[in-house]
Every structure is written in C-alpha cells, then in structure tokens.
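Notes follow once the structure below has been shown.
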Amino acid sequence: MHYITPRKTAEGLGSAHEGTQHHWAMTVSSVALTVLTPLFMIVIARAIGLSQEQLLAYFGRPFPALITALFVVVGMIHFIKGTRIMIDDYFRGATRKAAIIFSVIFGWAVIAAAVYALARMGLGAIVVL
C-alpha cells in the first residue's frame with residue numbers, strides 16, 4: 001500500500017502546479033538585468049551621435065555587441081515569462097492560448113532580429129542576405 005500525505009503531495013508545488021522553477025527563472029533573469037541594464041545604457045550612451053560608419057564599427061567590437069545581445073536575450077526571455085503570468089491571470093480558454101503563442105513568438109522574433117542585426121554589424125559585408 002502506497003500512502004502519500006497531502007503535504008507530501010503539495011510540497012514544492014505552487015498554485016501553477018509547476019513548482020518554483022518559474023519563480024527562480026524570473027529571479028535569476030531580474031538579477032541579470034540589474035547588472036546588464038546599466039551596462040547597456042552606457043553602451044547606448046556612447047553610441048549616441050555617431051555616424052553610420054562609426055556606429056557599425058562600434059557595434060562590430062565585441063563588448064558593445066555582447067552587452068547588447070545579452071541585454072536583449074535576457075530581457076525578452078524575462079518578458080516572455082512575465083507575460084505568461086499576466087496572461088494566466090487574465091485570460092481563459094482559446095484566448096489564453098492565442099495570447100501565450102503571440103507573446104512567445106513576439107519575444108523570440110525580437111531576439112532573432114536583434115541578434116541578426118548585431119551579427120550583420122559585426123560581420124560587415126560577409127553576411128549578405
């Protein structure tokens with residue numbers, strides 16, 4: 001006979017029945033963003049006022065490109081997880097599914113566009129599409 005107490009059944013599970021992984025993912029991404037946001041602001045502040053050629057050369061360097069890419073990727077993953085919480089709270093049924101799909105597609109599309117743009121600036125004329 002296998003007997004599980006109610007406490008043992010509920011242990012580690014939140015109201016979303018997924019445990020604490022979502023909470024920890026949001027916490028880690030928010031801590032990463034507290035470090036990346038000031039760095040990203042410095043990178044962007046240094047880029048203000050540059051000509052197009054200077055801007056391409058600036059983002060062709062590893063540090064500005066890496067900080068920008070990390071900021072966009074971590075920020076959009078944080079956005080995707082945060083909108084999931086909002087959608088779960090306010091939508092039901094097919095509307096909920098459609099909103100989740102839209103937010104995930106939007107988030108990954110922004111990531112793809114930003115990484116493509118940075119790669120294009122970093123590689124210069126090598127990438128031709």
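The values are calculated or read from the model by the stated rules, or taken from the named source; none is laboratory data. Everything numeric here is computed off the predicted structure, so don't read it as measured data. Backbone-built Cβ (ideal geometry, glycine too); neighbour counts: all protein chains shown. These area figures cover heavy atoms from the full protein model, side chains too; ligands, DNA and RNA do not enter into them. Shrake-Rupley method; radii C 1.70, N 1.55, O 1.52, S 1.80 Å.
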Among (1) over 19 Å from the mean Cα position of the chain (by Cα); (2) at pLDDT 90 or above, the one test that Met121 misses:
(2)
Mind counting the residues in region 80-100 that are farther than 24 Å from Ser30 by Cβ and open to solvent by 70 Å² or more (accessible area, probe 1.4 Å)?
4
Looking at this structure, is Ile105 under 29 Å from Gly122 (Cα atoms) and open to solvent by less than 70 Å² (accessible area, probe 1.4 Å)?
no
Within the bounds of region 15-37, is there any residue that is small (Gly, Ala, Ser), under 30 Å from Asp88 (Cβ atoms), open to solvent by 50 Å² or more (accessible area, probe 1.4 Å) and touching a residue at least 12 places away in the same chain (Cβ under 8 Å)?
yes
Residue list for region 40-68, filter: open to solvent by less than 70 Å² (accessible area, probe 1.4 Å), within 11 Å of Met121 (Cβ to Cβ) and either of a type outside the set (A, V, I, L, M) or within 22 Å of the chain's Cα centre (by Cα) (or both):
Tyr58, Phe59, Gly60, Pro64, Ala65, Thr68
